[in-house]
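These notes concern the structure reproduced below.
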Amino acid sequence: MTFAAATRLLMRRPRAIFLNSARLDYDGALNFGRLAELTDLTLNDVDAITNPDEIANLVNTSLAEIVITKEMVIPPSAIEKFEPGVVRLMCEAGTGYNNIPISLARSRGIDVVNVPTYSTESVAHMVITYVMNFSAAMFHQARMLRDGDRGNFVVFRHPIYEITGKRLGLIGGSGTIGTAVIDVALPLGMEVSISSRSGRLPPGHKYEDHPRVKVVPLDELLMTSDYVSVNCPLNDQTRHSIGSREIRLMKPTAFLINTARGAIINEGELIQCMKENVIAGAGLDTQEVEPPRPDSELWELDNVFLTPHIGWRRIETRQRLVDMTTDNIESFINGSMRNVVN
């Protein structure tokens, strides 16, 4: 943004529209006060819009200079219909920004920003929640009781394990969330493996010399881990990178956990592996389509456990996201951009 444009923004409140604010504020519990003071704000109280023409019409009729979204796909055809030169900033209220065609936005003079660290601990705790539930067969037991089966109170029928000494494999574990997972896993007595093409952690990483943290090739991680957690971003290299070949390398007693992006796992191949009981279970807080289609076999598999992408949904996490999105917009207005991804 030029100095002249920044000066104009400082002289008035820019118009902003949150295209799907209900995706974030589904319970009406969040405070948008500071954002509303900073901008002329419109909250569009829906979870998602799929029609490109509707997206473009909302943006154009609001004369919005700032467009905010939460995990909503913005098709290229929608951006192409934005009035030229009006929209200056698109804010992804979240970490992943694969839902926005960032190169196209840049070609039209639109900066795109995200919020990379708002849910770090919450998502990390979600990984550990899955680990602890799997270790004690909590999901299976709750399902039995729901179905009226109290047999475990007579003869216990599920394998359960201590966590101490078990190996947690982190795919993409050298990043912020992976590091936060390690922060919790080590005090529980777990061993940690991290997959890395370079064979080492980034220089200065807090766990680069820790005796219970090691960097290994992906195949070795899959073959030796008791729990495998997906923590990498979704991009052209990682899309469907975990499929039948990778799952079949895992121990039959191991569990697969995904709190990152659903499309990193090839769901069709995962479903087939779970039908064959290749591994003990899978915990998916993210799915390729959220929610899965009504006829998806994921709903019916006894060894697959789904949660509705709750890693980011804790109320404190969502409020932090609103506040950090506001910080991004304030920096934009002041002419000092932050968290630009394009």
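The values are calculated or read from the model by the stated rules, or taken from the named source; none is laboratory data. Computed from a prediction, not measured in an experiment: that's the story for all the values here. We place every Cβ from the backbone using ideal geometry, glycine too, and count neighbours over all the protein chains shown. Each accessible area value is taken on the protein alone, full model and side chains, heavy atoms only, with ligands, DNA and RNA left out. Shrake-Rupley method; radii C 1.70, N 1.55, O 1.52, S 1.80 Å.
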Next on the checklist: List the residues, sorted by chain then number, that are 5 or more residues from Ser196 or on another chain and whose placed amide H is less than 5 Å from its amide H.
Outcome noted: Val216, Leu218
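Between Glu208 and Asn31, what FRET efficiency comes out of the Förster formula 1/(1 + (r/R0)^6) with R0 = 41 Å and r the beta carbon distance, rounded to 0.05?
Numbers: r = 40 Å, r/R0 = 0.97.
Between Asn31 and Glu208 the formula returns 0.55.
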Checklist entry - Given the C-alpha centroids of the range 166-204 and the range 123-154, what is the distance between them in whole angstrom? => result 25
Checklist entry - Under a 5 Å amide H to amide H cut-off, with H placed in plane at 1.01 Å, what residues pair with Asp40 once short-range neighbours are removed? => result Arg15, Ala16
Checklist entry - Which of these, Thr307, Thr61, Thr224, has the largest mean-square fluctuation under a Gaussian network model of the chain (Cα springs below 10 Å)? => result Thr61
Item to check | Rounded to 5, percent antiparallel among DSSP beta bridges of the chain | outcome: 5
Checklist entry - Which whole-Hz couplings ³J(HN,Hα) result when phi for each residue of the range 204-216 is put into the Karplus expression 6.51 cos²θ - 1.76 cosθ + 1.60, θ = phi - 60°, listed in order with x for Gly and Pro? => result x, 4, 4, 10, 5, 10, 6, x, 9, 10, 9, 9, 9
Checklist entry - Residue by residue through the range 193-201, which ³J(HN,Hα) values in whole Hz follow from phi under the Karplus form 6.51 cos²θ - 1.76 cosθ + 1.60 (θ = phi - 60°), with glycine and proline marked x? => result 10, 10, 7, 7, 5, 7, x, 8, 7
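From the protein chains alone at 1.4 Å, what is the descending order of accessible area for Asp236, Asp323, Asp53, largest first? All intermediate terms of the calculation are to be shown ahead of the outcome.
Numbers: Asp236 140, Asp323 60, Asp53 90 Å².
Output order, biggest surface exposure first: Asp236, Asp53, Asp323.
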Checklist entry - What residues have an amide H closer than 5 Å to that of Glu191, excluding those fewer than 5 places away on the same chain, when H is modeled at 1.01 Å from N in the peptide plane? => result Gly165, Lys166, Arg167, Leu168
Checklist entry - List the lysines whose alpha-carbon lies under 23 Å from that of Lys214, not counting same-chain residues fewer than 8 positions away? => result Lys166, Lys206, Lys251
Checklist outcome for this item: Rounded to a whole %, the carbon-and-sulfur portion of the accessible area of the range 47-174 at a 1.4 Å probe is 55
Checklist outcome for this item: The percentage of the accessible area of the range 177-296 (probe 1.4 Å, all protein chains present) made up of carbon and sulfur atoms, to the nearest whole number, is 51
Checklist outcome for this item: Under the 7 Å Cα-to-Cβ spin-label approximation, Asp295 and Asp53 lie apart by a distance in nanometres of 2.8
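By its C-alpha gyration tensor, with a ≥ b ≥ c as the square roots of the eigenvalues, how is the range 144-272 shaped: rounded for a/c under 1.5, else prolate for a/b larger than b/c, else oblate? Intermediate results must be reported in sequence, preceding the final value.
On the way: a/c = 2.21, a/b = 1.40, b/c = 1.58.
Oblate, since a/c reaches 1.5 and b/c is not below a/b.
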Checklist entry - Which whole-Hz couplings ³J(HN,Hα) result when phi for each residue of the range 67-84 is put into the Karplus expression 6.51 cos²θ - 1.76 cosθ + 1.60, θ = phi - 60°, listed in order with x for Gly and Pro? => result 10, 10, 9, 10, 6, 9, 5, 10, x, x, 5, 6, 5, 5, 8, 4, 4, x
Item to check | Average accessible area per residue (Å²) across the chain - probe 1.4 Å, nucleic acids and ligands excluded | outcome: 46
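Based on the alpha-carbon gyration tensor of the range 113-194 and its eigenvalue square roots a ≥ b ≥ c, which shape applies: rounded if a/c is under 1.5, prolate if not and a/b is larger than b/c, or oblate? If you can, show how the numbers build up before the last one.
Values: a/c = 3.82, a/b = 1.89, b/c = 2.02.
Judged from the Cα gyration tensor, the range 113-194 comes out oblate (a/c at least 1.5, b/c at or above a/b).
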Checklist entry - Which shape class applies to the chain: rounded if a/c is under 1.5, otherwise prolate when a/b exceeds b/c and oblate if not, where a ≥ b ≥ c are the square roots of the Cα gyration tensor eigenvalues? => result prolate
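May I ask for the net charge around Leu201, where only other residues with Cβ less than 15 Å from the Cβ of Leu201 are counted and Lys, Arg are +1 while Asp, Glu are -1?
On the way: positive: Arg197, Arg200, Lys206, Arg212, Lys214; negative: Asp183, Glu208, Asp209.
Net charge in that neighbourhood comes out at +2.
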Checklist outcome for this item: Projecting the Cα atoms of Met324, Pro159, Val131 onto the charge dipole of the chain, where Lys and Arg contribute +1 and Asp and Glu -1 at Cβ, the residue farthest towards the positive end is Met324
